[in-house]
1. Could you check, for the range D:34-44, whether at least one of its residues is at pLDDT below 95 and either assigned to a loop (DSSP other than H, G, I, E, B) or surrounded by fewer than 21 Cβ atoms within 10 Å (Cβ to Cβ) (or both)?
2. Does the range D:116-124 contain any residue that is assigned to a helix (DSSP H, G or I), under 25 Å from residue D:22 (Cβ atoms) and either out of contact with any helix residue (DSSP H, G or I) (no Cβ under 6 Å at 6 or more places or on another chain) or without any contact (Cβ under 8 Å) to a residue 12 or more places away in the chain (or both)?
3. With respect to residue D:536, determine if the residue is crowded, with 21+ Cβ neighbours inside 10 Å, at the interface with another protein chain (Cβ under 9 Å from one of its Cβ atoms) and either at pLDDT 95 or above or part of a loop (DSSP other than H, G, I, E, B) (or both).
4. Say we look at the range B:242-270 and pick out the residues that are within 7 Å of chain D (Cβ to nearest Cβ) and assigned to a strand (DSSP E or B); which of these is farthest from the chain's Cα centre (by Cα)?
5. Please give the helices (runs of 4 or more DSSP H) falling wholly within the range D:366-479 in which 3 or more residues are at pLDDT 95 or above and surrounded by 22 or more Cβ atoms within 10 Å (Cβ to Cβ).
6. From the list B:224, B:284, B:278, B:239, pick out the single residue that is over 21 Å from the mean Cα position of the chain (by Cα) and either part of a strand (DSSP E or B) or not assigned by TED's automatic domain parsing to the domain that holds residue B:183 (or both).
7. Can we say residue C:51 is over 26 Å from residue C:183 (Cα atoms), modelled with pLDDT of 70 or more and outside any loop (DSSP other than H, G, I, E, B)?
8. Based on what the data block shows, is residue D:235 touching a helix residue (DSSP H, G or I) at 6+ places or on another chain (Cβ under 7 Å) and crowded, with 24+ Cβ neighbours inside 10 Å?
């Protein structure tokens, strides 16, 4: 009788152990019917302008890793002729309740010259993210999401690509390399394909949006997010321009912290 | 007597062919030689100067190296004596047919004397060792020492200089911005408050630049986990603990570039957490300060 | 490590089945060795229970001492915490249970079976009431905004009371065991020693609670 | 009497296989279960150490075959640094908890303590069984940590927060670290139950005539160790509990305010990382003695048998053991000289640390004294015992370097420390385990182990461990920090690479030599020569019972003890040994 009890206790422990180990896995569940384009779609195009003084590019100090080569200037604010690059624009709300097909082609995030290329990218849930190390040094890729599962994996010099997926929509996920503290990328995960990143001329295009009214958001890593309402009519392109003011820096939220304690 | 023999018969019904084992002489000789050889080779390897810390560039390291030599000598003598004795008894006291061991149960006096000697030697070592430590760590940095702050994070070192005003500006964890680690960056990786006038002239660099032959007072801090400021050439090691500010001080005596390592496990790239200690002549140091300050 | 009970001090009459064998068997007792004094060499000697419970108490003391030093190290007591009045209720419950436990123990010594059962039941009831009062205490703490992670003081308050409660549940199980097991199925000595050990544990928890009460709620 | 037996039906002998060998309450079966658990853990731990060595010797080599076995640890054949650190953590935890804490104490102690003191069984057989199964559960949970997302924790076996308190501080610091904590918590409970059983058994179950000073030194070792673990493990449990709450319930006992990990602000604050270190080492230092003290007992025991001589200074040996056990609680601070603890506190810890060397030195004298004037029989267990003394001295003396704060500042967290504790607590204890296995194998399994294979095993292992761990010290003298996944990053480490390669080769050879032991073990189990009841002509009670010992150990009446444990070569006696049960005429 005692033996049986012990067996039960043992099984319980094992179950708890397995429960802990499996508890953090998550699965993506599609909601609603699969969305199909009807042919009435239009595109949203726009240009991101930049006003105010353009911050001088700072020279990054990469001296702690001699294998980091190439141009080493901070590239978070890239402005050319008053147009801002690397702004992520996406449809925030207004889409029909439908599941969007998961693309099978992958999105590449390269590590080159101890920088992430591209610095800002969008990806759909379940779409493979292919991470490549083109450097001769070691990196680690450490996205710090709030909704998705966090991971942190090193990618050594000469190591092949890492393929990862994100299961839940989340804008934005900062990505860092702890070894090269200046390395920074942002990944936006969306359940739909209606997003774009502004190019060197500040232009973007969101393709194939069904007719309707939407809220779209433009996000920049230093200047925060701006939203706009747009209306897409049948087979017509809509326009949405944004302007970021360089004199208003983005302030992160306040920190709830208790005072640090000094111990002898 | 007969009862004993009877019991023996009862308790060991089968013959015991395994004791005494064969070849006691060979085994005893081999083992004794092995023990002696091991001891000599080990002591020799410890004494051989092929593997040593990088040459010292700190004012205090002569003291440490001296204490290390004394300690090595003491433990070397103890080690060799113990192994000499072990080899000797193994060589000498092997089993022989028909002979019995000495029935000695111990000798309290010998034991007391030996324990006393050991205690005296050990405590003497402890006390001399304390003197070295006390001179290094129980006093403040001399006035006029160069103030530098070292802030560790996974897996990078940041160093901050107070600038001409001699005062560090305010920092805030909310302002940390690793993405821009250029020298003039505000807030930069240390989260310097751009509105604090004291911080305007602070210099933050990933390399520890220090003038030669001047005492340097270093405050160790950490942003995330425990790190350890370890400079082999300085014979110096101290944890950087988050939530604490730990002050150490040293004087580097020779110009040059020395490696700073992390000696406390801090994550997957612990083994790559390197920075440099750049010891410059006082003039070069002043020039460097001028060049990098006030941008 | 003196034990309260050795074969020679028992007042167990030899008629009740005898937890002990004749001392004469095999000439036990001399030669400064212990042991061998029990007829059945496989069942734990009654004094073993007593010793085991003392050792358990030592270990639990270590547990709470370690927590106390962590509490002091974290400067937890310097942070605010309310002192709900229900503390007095729970304290009086557990103090009363200590008294009833002692009464039960003595009743068993005097072989008053009914009274023994009465007092044990009272002890268990008071123990349960204490646990109930502790839950009310937790609710009061929550109502005052002192969640488990509000500050260190509240965190430690939950950990201390929770661990104490868990150990008290262990005591309740022991009480239920000594009460539920048929008296005929064990010897009187063994039964009494078990009750004594349980009582010792219970008094320890009693004292521990007073200590925790002062430590957490009144030491500022 | 009859009522007693009827009242406690659990005494009846188990009939089924499960009752007999799996959920057994027989202390001998439980001892064997612990023994095989420790063997399995030792196998796992050794394999992990070999992976560690591979990475250190050839950091840029590709191992596609290993990738097939550990798809998460390797990528394109390269071993990831986080996998290396996971192996470091798991190797340490596995060896310290599941091998070194289990084999000398729980395995051999369970098997031989009752027999050596003349008892039929542990006092609480069911607790004993529960203790084993908790240990087993702890082992399973620990192994499970290897297979969760992110892998095993990378924080080292010392598990210092905030690295271990924050899931985002590294891969493996998520679910793996939680499982690690659960495993250690369960292990603490098991150790508590085990130590209660050991102490009560020793104090209440000694047979007639078995006074405390007539107990073999093994029993003293087990008893002292049980006392230590009774006091030390609750502290580890508290530390683990607080860390678990820190990780999962938003508390911050170990996290100060303003932590920013990978750009993310960690909520909460006000805790101190040093608190963990104090709690952990308050357990952790006694843990070292908890490993070595039962081994000291075994070595004294084996040595007396084959030296054919009483243990030199029996009383001093006991005193030294107790002194080491007690002093062990006062010196935890020497692990924290450079941790940021007040540098003045270190002064006391440093002196006490060197003082604890005195009883250790006394023990060494007494082992030498035991051999002085002996008639040594060079059996395999005796070779391992002599090897133990050599290793204990070699590993012990370097403690005098690390005990001094100024030198610890140089050598802290370098391979000097790693070499020191591997020598004195790792392989010295393993030599004790081997000595015990070779010594008691005939009693446990009724057959002798093969002497030739045993000697070969000894010679290779003895040479191997010196070849591995002396270079560890040399790396340390050159300043090589421990837990570095490779040596290529730092200029001052690059010249040390040849030493790493040498160590790795030595490690593989030594590990391969253990196959001889495994082969010998399995072969002797089936084919070994039958052992008599007392093949070594030893004196203590375990050699008076049948081989292997029957259920309840002693047929008929319990033995009565008339003598001390090590009456060898008594002048005037007929043989050169007198069993403890022999009357004094």
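1. Taking the range D:34-44 first, the residues at pLDDT below 95 are none.
No, there is no match, as no residue in the range D:34-44 is at pLDDT below 95 and either assigned to a loop (DSSP other than H, G, I, E, B) or surrounded by fewer than 21 Cβ atoms within 10 Å (Cβ to Cβ) (or both).
2. The first filter runs over the range D:116-124 and keeps only residues assigned to a helix (DSSP H, G or I), leaving D:116-117.
Restricting the remaining residues to those that are under 25 Å from residue D:22 (Cβ atoms) gives none.
There is no residue in the range D:116-124 that is assigned to a helix (DSSP H, G or I), under 25 Å from residue D:22 (Cβ atoms) and either out of contact with any helix residue (DSSP H, G or I) (no Cβ under 6 Å at 6 or more places or on another chain) or without any contact (Cβ under 8 Å) to a residue 12 or more places away in the chain (or both).
3. Numbers: crowded, with 21+ Cβ neighbours inside 10 Å: yes; at the interface with another protein chain (Cβ under 9 Å from one of its Cβ atoms): yes; either at pLDDT 95 or above or part of a loop (DSSP other than H, G, I, E, B) (or both): yes.
When the stated conditions are applied, residue D:536 passes them.
4. Going residue by residue through the range B:242-270, those that are within 7 Å of chain D (Cβ to nearest Cβ) are B:242-244, B:246, B:259, B:261, B:263-270.
Add one more test, that the residue is assigned to a strand (DSSP E or B), and what stays is B:246, B:259, B:261.
Details: B:246: 18, B:259: 16, B:261: 13 Å.
The extreme case among them is B:246.
5. Working: elements: D:380-397, D:399-402, D:405-411, D:415-421, D:428-445, D:451-477.
Once the helices (runs of 4 or more DSSP H) in the range D:366-479 are filtered for at least 3 residues that are at pLDDT 95 or above and surrounded by 22 or more Cβ atoms within 10 Å (Cβ to Cβ), what remains is D:380-397, D:415-421, D:428-445, D:451-477.
6. Values: B:224 fails: either part of a strand (DSSP E or B) or not assigned by TED's automatic domain parsing to the domain that holds residue B:183 (or both); B:284 fails: either part of a strand (DSSP E or B) or not assigned by TED's automatic domain parsing to the domain that holds residue B:183 (or both); B:239 fails: over 21 Å from the mean Cα position of the chain (by Cα).
The unique qualifying residue is B:278.
7. Values: over 26 Å from residue C:183 (Cα atoms): no; modelled with pLDDT of 70 or more: yes; outside any loop (DSSP other than H, G, I, E, B): yes.
In short, no.
8. Yes: the conditions hold for residue D:235.
The values are calculated or read from the model by the stated rules, or taken from the named source; none is laboratory data. The structure presented is a predicted model; accordingly, all values stated were derived computationally and were not measured. A quick note on method: Cβ atoms are made from the backbone with ideal geometry, for glycine too, and the neighbour counts reach across all protein chains shown.
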